[in-house]
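Remarks on the structure that follows.
The values are calculated or read from the model by the stated rules, or taken from the named source; none is laboratory data. In this text, all values refer to a predicted model and were calculated from it rather than measured experimentally. No Cβ is skipped: glycine too gets one built from the backbone with ideal geometry, and neighbour counts run over all protein chains shown.
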Amino acid sequence: MTPGPAARGPDGIPGRSGDAVVRQSRQTVVIDGSYGEGGGQILRTALGLSALTGRPLRIERIRANRRVPGLAAQHLASVRAVAALCDASLEGDEIGSSELEFSPRSAPRAGSYTVDVAELREGGSAGSAVLILQAMLLPLSFAAGPSTLLLRGGTHVSWSPPFDYADEVWLPALRRMGLRARIRLLRSGWYPVGEGEVEARIEGRTGAASGLDWTQRGALPEIGGRALVANLHIRIAQRMAGRAAELLRGHAERLDIQAERLQASCPGAGICLTARYEGGNVGFNALGKRGLPAEEVAETAARAFLAFEASGASVDEHLADQLLLPMALASGPSVFLAPRATSHLRTNAWVIERFGAARVAIEGPEGGPVRVTVRPAGAGG
């Protein structure tokens, strides 16, 4: 990764200089990386909070319950990228490491940064460029000035949000809270090669984000999306788009699902659907694989939407855990309805509370929907 010229950011979380998080800024936070869901989201959330609060971080038993435990290439890329933003000292930053020490020496600094996940593992990696973006975006959103990123890796790969979801669902939600970023897909990247490219511009700010009340989803004027193929015949994408339209017809005033063929370093296929409710966008995605009919890929994404529609929730289950960190950094409380309390959601809430950044209440039946309330430390409401 290559950091460019940078302006020093403000100390602590901007706009909340009097809260408990900043007052305890040099107390090391120890995180059990195997807790709850036990995956990479623990690492990314903890890195962001450490960078923003200045508190040193120690993570133990990183991804201990995974088939291949420890830091993989995409996790190591996130660690070193966030370290570059705040000049953090590092110990344990290597592939396979189960322990990491991360100690910021400055507040996040605006600038130009390039990260290539393939550089960190012999033979390359299709590790997610979108997850690296998630690790970097929140710290840079509070830096003093705009930043630009060039991220190389997977853009449509398993176990991570595809580029379309980040662009159509995650970033619009952040904009409603006053955090502004734009991304552009320069080249798609699929498993197992990756080599996609995402360009991002993040507008820094000096004040806190705004709280968000997202308990009403409202009417559904449109379901849009893209059925994508890379280095495959466009007919496959057309079959995905057609089957999704069959299942979704009548659920929105308008359907606009486009079939597109992309260039990439290896073949790939998938469908990304965005339900544009009046209350905000939610998304549903599925990836193809060899031997799986295109129609079944479309059915997976469409049926995920149908289950969400029946749940009465306001945000989809993946957005639910991705909203917790920006809401913990806001100037006031936030609330939303999730389809259910996933392990990802509960684990992310636990990490945030370990830092003392916010209190997260998850209320409702085990099967959902659940009401999630985030009350930042020192915020009113």
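Only one of Phe284, Phe305 is of a type in the set (Phe, Trp, Tyr), buried (at least 22 other Cβ atoms within 10 Å of the Cβ) and assigned to a helix (DSSP H, G or I); which?
Every option except Phe305 fails the conditions.
Here are some residues: Gln258, Gln263, Gln238. Which one is modelled with pLDDT under 95 and surrounded by fewer than 21 Cβ atoms within 10 Å (Cβ to Cβ)?
Gln263
Right, Leu228: within 30 Å of Leu324 (Cβ to Cβ), in contact with an Asp or Glu (Cβ under 6 Å, 6 or more places away or on another chain) and not small (Gly, Ala, Ser) or not?
Details: within 30 Å of Leu324 (Cβ to Cβ): yes; in contact with an Asp or Glu (Cβ under 6 Å, 6 or more places away or on another chain): yes; not small (Gly, Ala, Ser): yes.
Criteria met by Leu228.
Take Val229 and decide whether it is in the same structural domain as Asp164 (by TED's automatic domain parsing) and surrounded by 15 or more Cβ atoms within 10 Å (Cβ to Cβ).
When the stated conditions are applied, Val229 does not pass them.
Table: residues versus (1) part of a loop (DSSP other than H, G, I, E, B); (2) within 15 Å of Ser311 (Cα to Cα).
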| position | (1), (2) |
| --- | --- |
| Gly332 | yes, no |
| Val335 | no, no |
| Ala341 | yes, yes |
| Val351 | no, no |
| Val360 | no, no |
| Gly368 | yes, yes |
| Arg371 | no, yes |
| Val374 | no, no |
| Gly378 | yes, no |
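Working carefully through the options Arg243, Arg290, find the one that is among the charged types (D, E, K, R) and surrounded by 18 or more Cβ atoms within 10 Å (Cβ to Cβ). Please lay out each step first, then the result.
Values: Arg290 fails: surrounded by 18 or more Cβ atoms within 10 Å (Cβ to Cβ).
Selected residue: Arg243, the only one of Arg243, Arg290 that is among the charged types (D, E, K, R) and surrounded by 18 or more Cβ atoms within 10 Å (Cβ to Cβ).
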Could you grab the pairs with beta carbons closer than 7 Å, sequence gap of 6+ or different chains, first residue in the range 164-186 and farther than 15 Å from Leu133 by Cα, second one surrounded by fewer than 19 Cβ atoms within 10 Å (Cβ to Cβ)?
Met177/Ser210; Gly178/Ser210
For the condition over 18 Å from Pro161 (Cβ atoms), modelled with pLDDT of 95 or more and in contact with a strand residue (DSSP E or B) (Cβ under 9 Å, 6 or more places away or on another chain), what is the one hit in Pro339, Pro333, Pro326?
Pro333
